[in-house]
Structure formats: structure tokens, C-alpha cells
Amino acid sequence: MKKVSEVEAFCYSKAMTHNPTPEFLSQNFIIKKASPDDAAGLFDVQRKTWIATYPNPEIGITEEDIKIRIEGIDQELVLGKVERWKSTIGDGDRKISVAKINDKVVGFVAPFYDEASGQHRLGALYVLPETQGTGVGSALLRQAFEDIGTENDIYLHVVSYNQNAVNFYTKNGFQKTGKDTTGSVSALPSGNHIPEIEMLRLATK
């Protein structure tokens, strides 16, 4: 399987909802295997969480830079990215799962096996900013553990300044390996790279 060029791991927004409304909490979410019909919903979650999470003026990563990378200058990349997700889901090589509320995709996880490194990888785990803090991310992570198998070491890449995500993974058994993985995906349009680090959850019997 080819390595997928996407920033991996939980895009945990700084704008997350710490106190979801009672109306939101009364809605039950479901976790299910993704179908090609979910592709537009997956991309919408990815797009919104990138824009809410990754801008960092202190290191020169602007919201405009993120938007151009994920959408294009005039959203000309959107259709192609939706089609790419549709193809990825349809080929069946990755066990992609979605979280849905009222048939709307609010999060997803896309684990994979990276043949080049011989690593089982968590891949992308994204949850809509307004849905974070409600248990959706934890449920998706549990599904990924089931699909990968906890008898395997599980690796992930996470944005180094995304402290909420780092804390989330640490709480769920991952530890920093000390490896800087910046540059493992292509640069932003400005030429800047989103800085990433590696984390590992050791296999359990």
C-alpha cells in the first residue's frame, strides 16, 4: 500500500467545544465503516479541522496558507480531494471508519500499514471542532485499535504545537519517540512545513 501524503493524527482544534450543549449531547453518534458516499463528509471534516487547528502565526503558518493547501485558491482542489477520498474508501485497503450524528459525518479515522517503514500507523484522525470533547475522538481511536490490533506497535505523526492532540494521545497510551518527522509530507504553498513529531503506542498482549 502506498503511503498517503496527509498530515496524520488527531486534528484537535484550539476552538474545540469544552461545554457541548445539552441538545448536542442528547444526539447519539454512531461509528461505522466508511462508504464512498461518505467522501464529501470526510473531506469537509478534514478541511474544517485543518483551518481551525493548524494556523500558527508564531512560526509563519497562516490561515490563508492552510486554506490554499487544503482547498486551493478558488476551491479548485475540493472536487479532486473528494474524489481521492472516494477512491481510497472504495479500494478497501484501509479500514476507514466514520462517526456520524443524524447521518452527518462529524469525524473519521483512517489507519494504514506503511510498507516502506513496516509500521502500523494510526493515519488521519479528525473530529469537527464543535464535536470535540464529546467522546467521538475516543470512540474513533478505540475503533482504530480494534482494526489495527493492539498486539502491534502503533505509530502516529502529530503536529508538534497541537498540544491538545499530544495530551489526548498520551492519555491513550502513546509516548513521544523523540523523532522529528517534519517534512514527511509536502510543504505548504508558502514553502513552510507543518512541524510534526512521532508518537508510539507499544504492543500489548
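The values are calculated or read from the model by the stated rules, or taken from the named source; none is laboratory data. Note that this is a predicted model, so its numbers are computed, not measured. Here the Cβ is made from the backbone with ideal geometry for all residues, glycine too, and neighbour counts use every protein chain on show. Please note that ligands, DNA and RNA were not included when accessible areas were found on the heavy atoms of the full protein model with its side chains. Shrake-Rupley method; radii C 1.70, N 1.55, O 1.52, S 1.80 Å.
For a quick check of your reading: which strands (runs of 3 or more DSSP E) sit entirely within the range 97-205 and have at least 3 residues that are open to solvent by less than 10 Å² (accessible area, probe 1.4 Å)?
Working: elements: 97-101, 104-114, 119-127, 154-159, 175-180, 196-201.
Result: 97-101, 104-114, 119-127, 154-159.
List pairs: first in the range 185-205 and without any contact (Cβ under 8 Å) to a residue 40 or more places away in the chain and closer than 17 Å to Ile73 by Cα, second open to solvent by 30 Å² or more (accessible area, probe 1.4 Å) and part of a loop (DSSP other than H, G, I, E, B), Cβ under 6 Å, 6+ apart or cross-chain?
Within 6 Å, the pairs are Ala187/His193.
Test of understanding: among Gly123, Gly133, Gly137, Gly92, which residue is without any contact (Cβ under 8 Å) to a residue 40 or more places away in the chain and not acidic (Asp, Glu)? Please lay out each step first, then the result.
Numbers: Gly123 fails: without any contact (Cβ under 8 Å) to a residue 40 or more places away in the chain; Gly133 fails: without any contact (Cβ under 8 Å) to a residue 40 or more places away in the chain; Gly137 fails: without any contact (Cβ under 8 Å) to a residue 40 or more places away in the chain.
Checking each option against the conditions leaves just Gly92.
Among the listed residues Leu42, Leu77, Leu25, identify the single one that is at pLDDT 95 or above and open to solvent by 60 Å² or more (accessible area, probe 1.4 Å). Outline the logic, then answer.
Numbers: Leu42 fails: open to solvent by 60 Å² or more (accessible area, probe 1.4 Å); Leu25 fails: at pLDDT 95 or above.
Of Leu42, Leu77, Leu25, the one residue that is at pLDDT 95 or above and open to solvent by 60 Å² or more (accessible area, probe 1.4 Å) is Leu77.
Is the range 50-59 home to any residue that is on the phi > 0 side of the Ramachandran plot, surrounded by 12 or more Cβ atoms within 10 Å (Cβ to Cβ) and either free of Cβ contacts under 8 Å to residues at least 60 places away in the same chain or of a type in the set (Ser, Thr, Tyr) (or both)? Break it down stepwise before answering.
Here is the first cut: in the range 50-59, the residues on the phi > 0 side of the Ramachandran plot are none.
No, there is no match, as no residue in the range 50-59 is on the phi > 0 side of the Ramachandran plot, surrounded by 12 or more Cβ atoms within 10 Å (Cβ to Cβ) and either free of Cβ contacts under 8 Å to residues at least 60 places away in the same chain or of a type in the set (Ser, Thr, Tyr) (or both).
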